[in-house]
Amino acid sequence: MKNNILVVAPHCDDEVLGCGGTMAKLASQGHNVYVVAITNGYLGAPELFTAAGTENVRREARLSHQILGVKDSFFFDFPAIRLDVTPAYTLSLQLNKLIKELNIDTLYIPHRGDIHKDHRITYEAAIVAARPINNCPVKRIYAYETLSETEWAPPFGDDVFIPTIFEGIEGFLEKKLEAFGCFVSQKKEFPHSRSLKVIEILSNFRGATVGKTNAEAFMLIREIKD
């Protein structure tokens, strides 16, 4: 049975950092994998991001999605770094509409404790959008970790990422690294978190936690079994 999977990314590249290997694995198994990037940098902070820069990172995202086998990519235009002053219901409604149009049964969303407010707000909006009412098709919700956001959060209980699901990605780490390599505008040099080396190190660590070479870790938010 094919699943319809939606990866919700606050910003372009979060989806690859958080679950690029899992996306490639699921796509290779014949599942329908979709990505939606929530924000537009230029519309949110034109003093920091240019229109050309925003379009360029979206182009990089599309290239990376092709490598991972993503069926389709969507880009919303909510203001980056200003989601905290955006009416939350507007984001939830737009996400809910997309979820129903694609008949999504599985959601991957950012961790609520991430240091970036856009991540927390995206998490909350996705949870509202996927409420188990009004024939919402979502049966499974997982939160992923995002390098340079999750591990930099304050060390308090409510913000800690505690993985409960480990997805082995042996044979797919290379796809993840290749996909992130498309983000020329975003990748950094080691020891920065957004470097190819650190992505591989985290994959090794998460894998070793459960006796595998490579893995991605998630928190199970909800699973509905019929």
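Residues in segment 93-150 that are β-branched (Val, Ile, Thr) and assigned to a helix (DSSP H, G or I) were compared, and the one that is surrounded by the fewest Cβ atoms within 10 Å (Cβ to Cβ) is VAL128.
State whether one or more residues within segment 56-67 are open to solvent by less than 20 Å² (accessible area, probe 1.4 Å) and among the charged types (D, E, K, R). Looking through segment 56-67, at least one residue is open to solvent by less than 20 Å² (accessible area, probe 1.4 Å) and among the charged types (D, E, K, R).
The condition (being closer than 25 Å to ALA51 by Cα, at pLDDT 95 or above and out of contact with any Gly (no Cβ under 8 Å at 6 or more places or on another chain)) is satisfied by just one residue among HIS119, HIS111: HIS119. LEU48 - would you say it is open to solvent by 20 Å² or more (accessible area, probe 1.4 Å), under 19 Å from GLN186 (Cα atoms), in contact (Cβ under 8 Å) with a residue 60 or more places away in the chain and touching a helix residue (DSSP H, G or I) at 6+ places or on another chain (Cβ under 9 Å)? Taking the combined requirement at face value, the residue does not satisfy it. Selection of first residues in segment 58-80 that are in contact (Cβ under 8 Å) with a residue 60 or more places away in the chain and farther than 10 Å from VAL33 by Cβ and of second residues that are open to solvent by 20 Å² or more (accessible area, probe 1.4 Å) and of a type in the set (Gly, Ala, Ser), restricted to Cβ pairs under 7 Å at least 6 apart or on distinct chains, gives the following pairs, ordered by first then second residue: GLU60/SER185; ALA61/SER73.
Just to be sure, is LEU177 within 27 Å of ILE127 (Cβ to Cβ), of a type in the set (A, V, I, L, M) and not in a loop (DSSP other than H, G, I, E, B)? In short, no. Filter segment 1-23 down to residues that are of a type in the set (Val, Ile, Thr) and part of a helix (DSSP H, G or I) and give me whichever is surrounded by the fewest Cβ atoms within 10 Å (Cβ to Cβ). That would be THR22. Of the numbered criteria (1) in contact with a Gly (Cβ under 8 Å, 6 or more places away or on another chain); (2) not in a loop (DSSP other than H, G, I, E, B), the one ARG59 fails is (1).
Residues checked against (1) more than 16 Å from the chain's Cα centre (by Cα); (2) in a loop (DSSP other than H, G, I, E, B):
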position	(1), (2)
PHE190	yes, yes
ILE201	yes, no
GLY207	yes, no
GLU216	no, no
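Condition test on GLY30, is it open to solvent by less than 10 Å² (accessible area, probe 1.4 Å) and free of Cβ contacts under 8 Å to residues at least 40 places away in the same chain? Spelling it out, it is not the case that GLY30 is open to solvent by less than 10 Å² (accessible area, probe 1.4 Å) and free of Cβ contacts under 8 Å to residues at least 40 places away in the same chain. Residues in segment 155-177 that are buried (at least 17 other Cβ atoms within 10 Å of the Cβ) and not aliphatic (A, V, I, L, M) were compared, and the one that is farthest from ASN204 (Cα to Cα) is PHE161. Of the candidates LEU173, LEU202, LEU102, LEU147, the single residue that is touching a residue at least 24 places away in the same chain (Cβ under 8 Å) and in contact with a Gly (Cβ under 6 Å, 6 or more places away or on another chain) is LEU173. Against the criterion of being in contact with a Pro (Cβ under 8 Å, 6 or more places away or on another chain) and free of Cβ contacts under 8 Å to residues at least 60 places away in the same chain, VAL210 does not qualify.
The values are calculated or read from the model by the stated rules, or taken from the named source; none is laboratory data. Worth saying up front: this structure is predicted, and the values here are computed from it rather than measured. Cβ: placed from backbone, ideal geometry, glycine included. Neighbour counts: every protein chain shown. Only protein heavy atoms, including side chains, enter the accessible area calculation; ligands, DNA and RNA are left aside. Shrake-Rupley method; radii C 1.70, N 1.55, O 1.52, S 1.80 Å.
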